[in-house]
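The values are calculated or read from the model by the stated rules, or taken from the named source; none is laboratory data. Bear in mind the structure is a predicted one, so any value in this text is a computation, not a measurement. Reconstructed Cβ throughout: ideal geometry from the backbone, glycine too, with neighbour counts over all protein chains shown. These area figures cover heavy atoms from the full protein model, side chains too; ligands, DNA and RNA do not enter into them. Shrake-Rupley method; radii C 1.70, N 1.55, O 1.52, S 1.80 Å.
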Amino acid sequence: MLPQKDHSYAIIWCMQPELAQQTYKLADKHFLSGLQSLIGRRLGKLQASSQRFLFPLHLAMSKQIVKPRCILIGNAAHSLHPVAGQSFNLALREIAHLTGLLMQAKKNQQDLASRQLLRAYSDYCLKDQNRIARATHILIRCFNYDLPGIKLLRNKSMLLFDQCVPIKAWLTRQAIGGTHLPDLSLGIGDPDYG
């Protein structure tokens, strides 16, 4: 659930295609009831539903994100499951990494599209993309199983996660790039860059 400025929420509710079709067609009353039973009452009672959209989700990642004088960034390079905005976070890290590489190349008076720069960008980004794609895929698989034992384990794990600050902090760090953050995303830049 993504908070909006008007105190409403945007949601991405993922489910199997057949169930998605049925849920999409529900009257607002039944749609809200199903969603309420899923998220509980932490946000209060759901009162209204706006226009819904239905589209299939799939993982797509370009095997090659650089060519001479060409770089793919963000959704041009990957389409990930929309878990916690990870595709957006990934794109921000790609931009920060590329910006840092370009700043360094300019400072060193190097070609801004050199093979070395493109390789450095590609190596960093493909590793980050694969790490995030694996993590989001595992997370989605965990939430797709509705077997009683698995569902109970998942619910208890989410409760533990919500209450355990160190685990929450560690997972948050991993979601934003772990220890592999580009300098620029950490606020570290070249003060001489004009």
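Structure above, values below:
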| quantity | calculated |
| --- | --- |
| Hull shadow area, averaged, the stretch 1-107 [alpha-carbon convex hull, nm²] | 9.7 nm² |
| Stokes-Einstein D for the chain, Kirkwood Rh over Cα pairs, 37 °C, 0.692 mPa s (µm²/s) | 167 µm²/s |
| Over 25 Å (Cα to Cα) - which of 67/106; 29/156; 63/168; 25/45; 5/25 fall in this group | 29/156; 63/168; 5/25 |
| Rounded Å value of the spacing that divides the Cα centres of the stretch 12-80 and the stretch 95-137 | 29 Å |
| Charge dipole (the chain, unit charges on Cβ, about Cα centre) - positive-most of 122, 108, 16 | 16 |
| Cβ crowding within 10 Å averaged over residues, with 132-141, 60-69, 159-168 ranked highest first | 132-141, 60-69, 159-168 |
| Rounded FRET efficiency, nearest 0.05, which uses the C-beta distance separating residue 75 from residue 113 and R0 of 22 Å | 0.50 |
| Extension gain (nm, one decimal) between residue 29 and residue 57, 0.36 nm per residue minus Cα-Cα | 7.5 nm |
| Helix runs (DSSP H) in the chain reaching 18 Å along axis by Cα, Kyte-Doolittle at least -0.5 | 86-107, 115-144, 148-163 |
| Peptide ranges 40-53, 21-34, 89-102 listed from the most packed, as the mean C-beta count within 10 angstrom indicates | 89-102, 21-34, 40-53 |
| Relative contact order of the chain, pairs being alpha-carbon contacts under 8 Å that are 6 or more residues apart, as % | 19 percent |
| Carbon and sulfur %, accessible surface of the stretch 69-123 computed with the full protein complex present, 1.4 Å | 55 percent |
| Point-charge dipole on Cβ atoms (K/R +1, D/E -1) for the stretch 1-112, about Cα centre, debye to 20 | 160 debye |
| Estimated 222 nm signal from helices in the chain, with DSSP H stretches of n ≥ 4 weighted -39500 (n - 2.57), rounded to 500 | -17000 deg cm²/dmol |
| Average accessible surface area per residue within the chain, 1.4 Å rolling probe, Å² | 72 Å² |
